[in-house]
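Here the structure is laid out as structure tokens; the discussion comes afterwards.
The values are calculated or read from the model by the stated rules, or taken from the named source; none is laboratory data. On a predicted model such as this, the values are computed, not experimentally measured, just so you know. Note: ideal-geometry Cβ built from the backbone for every residue, glycine included; neighbour counts use all protein chains shown. Just the protein is used for accessible areas: all its heavy atoms, side chains included, with ligands, DNA and RNA removed. Shrake-Rupley method; radii C 1.70, N 1.55, O 1.52, S 1.80 Å.
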Amino acid sequence: MSQTTVADATGTSAPPTEQASRRRWWILGIIGIAQLMVVLDATIVNIALPSAQQDLGFTDGNRQWIVTAYALAFASLLLLGGRIADLFGRKPAFLIGVAGFAGASVLGGASTSFGMLVTARALQGVFGALLAPAALSLLNTTFTDAKERAKAFSVYGAIAGAGGAVGLLLGGVLTDALDWRWTLYVNLVFAVVAFIGGWVLLTNHRDAAGSKLDLPGTVLVSAGLVGVVYGFSNAETHDWSSPLTWGFLAAGAVLLAVFTWWQTRAKHPLLPLRVLLDRDRAASFVTVLITGAGMFGVFLFLTYYLQLNLGFSPTRTGLAFLPMMAALMVMAQVSTTVLVPRIGPKVVIPAGFAVAAAGMVWLTGIGLDSSFSTDVLPQLLIIGAGLGSVMPPAMALATSGIAAEDAGVASATVNTMQQVGGSIGTALLSTLAASAATSYLTGRNPADKLTQAQATIESYTTAFWWSAAFFAVGAVLTFLLYRRGAGAQDPDAAPVVHM
């Protein structure tokens with residue numbers, strides 16, 4: 001992994017001044033708040049859905065659109081948002097993203113109908129797609145000293161990895177104490193702090209100002225990602241043989257293939273292929289994709305188990321994930337600042353995947369009479385430690401050594417991989433879990449409450465087994481893909497710009 005340094009007026013490397021260093025850490029705080037707002041919104045509304053459904057009177061079939069509207073808009077526009085940040089400046093992209101996200105959240109909280117709430121969630125996705133890559137690219141271009149960069153990405157990666165659990169906790173507390181609408185209104189608090197801090201601390205850079213927006217590429221990749229995400233979302237409510245599932249998946253795959261071809265022809269490509277050509281960076285994109293798919297099994301199905309089987313309240317369910325978050329944050333710091341710089345990602349990231357896989361396998365032992373302290377908590381600590389060794393280093397490596405004019409789109413690619421991975425995990429694990437429950441009920445009395453309860457356990461453990469399989473595949477792939485040691489940059493990859 002190539003390193004960058006701060007250059008003085010003579011062009012020689014010089015350590016950052018103490019004042020500049022302090023400013024960078026304040027910027028990290030602002031970026032972290034904004035990123036947390038975006039990440040937790042993927043889960044904070046989930047806990048409030050039953051209350052929102054009762055209040056607004058929409059059907060079970062329409063309920064998925066509260067989640068899907070956000071995912072579709074967010075995933076399909078991320079690359080465009082990243083390129084806008086490169087072309088027109090990261091500071092305005094960040095500030096507009098924060099303000100727009102806050103406005104959409106207030107609209108959602110004030111919703112008086114299902115359509116209004118879905119529109120607000122889609123708008124959250126639109127502005128989130130502008131905010132998220134701007135935030136990550138700001139982090140990438142702000143922290144150029146190797147040691148400071150490692151610490152910064154350990155914090156950012158921990159937020160990205162634990163944000164879903166924070167959303168569950170905050171959603172539970174707000175729903176229990178106040179009202180479901182506050183799971184959306186709360187974003188205003190994050191946004192005000194992030195906007196004021198960004199306005200004061202950030203400076204504007206237009207590193208790709210000489211380029212133009214690739215409109216054909218934008219249409220192709222946006223439509224392709226909509227097809228993929230919508231296809232996987234339909235798999236939850238339709239059979240895999242339904243045209244609404246495989247038709248959209250096939251169309252999305254074709255459009256993304258055409259997009260890749262177009263990027264080799266376009267004069268100003270939306271996603272320059274040089275961004276993908278570095279071996280470690282490509283391996284990091286794969287890592288983020290697999291982590292996004294596997295983490296879904298932890299958050300969603302364990303939430304169901306804790307509430308429906310162990311009788312936890314929404315608030316207590318959120319608190320149950322805190323130990324996992326703590327383990328993730330500790331290992332994020334250790335892996336990013338100590339382990340990867342010393343022994344490289346080829347050992348650390350596969351080992352983290354293996355540890356997370358072991359924790360998921362252990363979690364399959366849950367039953368109707370299990371105890372949280374002995375049958376869930378130790379497993380959560382192990383899974384958190386494993387993921388803390390995977391997600392933060394991968395995010396740092398995915399944007400390391402990237403030219404300044406490509407920082408936004410590289411950051412958008414990271415977020416896209418995480419979002420698409422989550423969509424894949426949602427569809428596959430939900431389908432597999434439902435099939436497992438149906439298979440268990442075959443030949444048994446479905447009206448028996450004990451049988452029904454055991455069927456739900458079968459569905460959860462099936463999802464955990466498949467999450468473990470995702471992580472195991474991740475361990476093998478990353479061991480094969482990453483280079484030994486820190487590694488030199490591939491010659492055709494996007495160049496390093498020393499600042």
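Is it fair to say Val340 is without any contact (Cβ under 8 Å) to a residue 60 or more places away in the chain, in contact with a Pro (Cβ under 8 Å, 6 or more places away or on another chain), among the aliphatic types (A, V, I, L, M) and open to solvent by less than 40 Å² (accessible area, probe 1.4 Å)? Here the answer is no, as Val340 does not meet what is asked. Would you say Leu178 is within 18 Å of the chain's Cα centre (by Cα) and open to solvent by 10 Å² or more (accessible area, probe 1.4 Å)? So Leu178 does not fit the description; no.
Rundown of residues vs (1) within 23 Å of Asn62 (Cβ to Cβ); (2) under 21 Å from the mean Cα position of the chain (by Cα); (3) touching a residue at least 12 places away in the same chain (Cβ under 8 Å), yes/no style:
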residue: Val226; (1), (2), (3): yes, yes, yes
residue: Trp240; (1), (2), (3): yes, no, yes
residue: Phe248; (1), (2), (3): yes, no, yes
residue: Phe259; (1), (2), (3): no, no, yes
residue: Thr264; (1), (2), (3): no, no, no
residue: Arg279; (1), (2), (3): no, no, yes
residue: Ala283; (1), (2), (3): no, yes, yes
residue: Thr287; (1), (2), (3): no, yes, yes
residue: Gly294; (1), (2), (3): no, yes, yes
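Of the candidates Leu302, Leu377, the single residue that is out of contact with any Gly (no Cβ under 9 Å at 6 or more places or on another chain) and open to solvent by 10 Å² or more (accessible area, probe 1.4 Å) is Leu377.
Yes or no: Gly115 farther than 25 Å from Met325 by Cα and open to solvent by less than 10 Å² (accessible area, probe 1.4 Å)? No: the conditions fail for Gly115. The set of residues from the range 316-327 being surrounded by 21 or more Cβ atoms within 10 Å (Cβ to Cβ) and either over 19 Å from the mean Cα position of the chain (by Cα) or farther than 26 Å from Ala177 by Cβ (or both) comprises Thr317, Ala320, Ala327.
Flag: Gly443 matches the condition of being of a type outside the set (S, T, N, Q), farther than 19 Å from Tyr304 by Cα and not in a helix (DSSP H, G or I).
Between Ala293, Ala283, the distinction of being of a type in the set (A, V, I, L, M), buried (at least 20 other Cβ atoms within 10 Å of the Cβ) and over 27 Å from Leu168 (Cβ atoms) belongs to Ala283 only.
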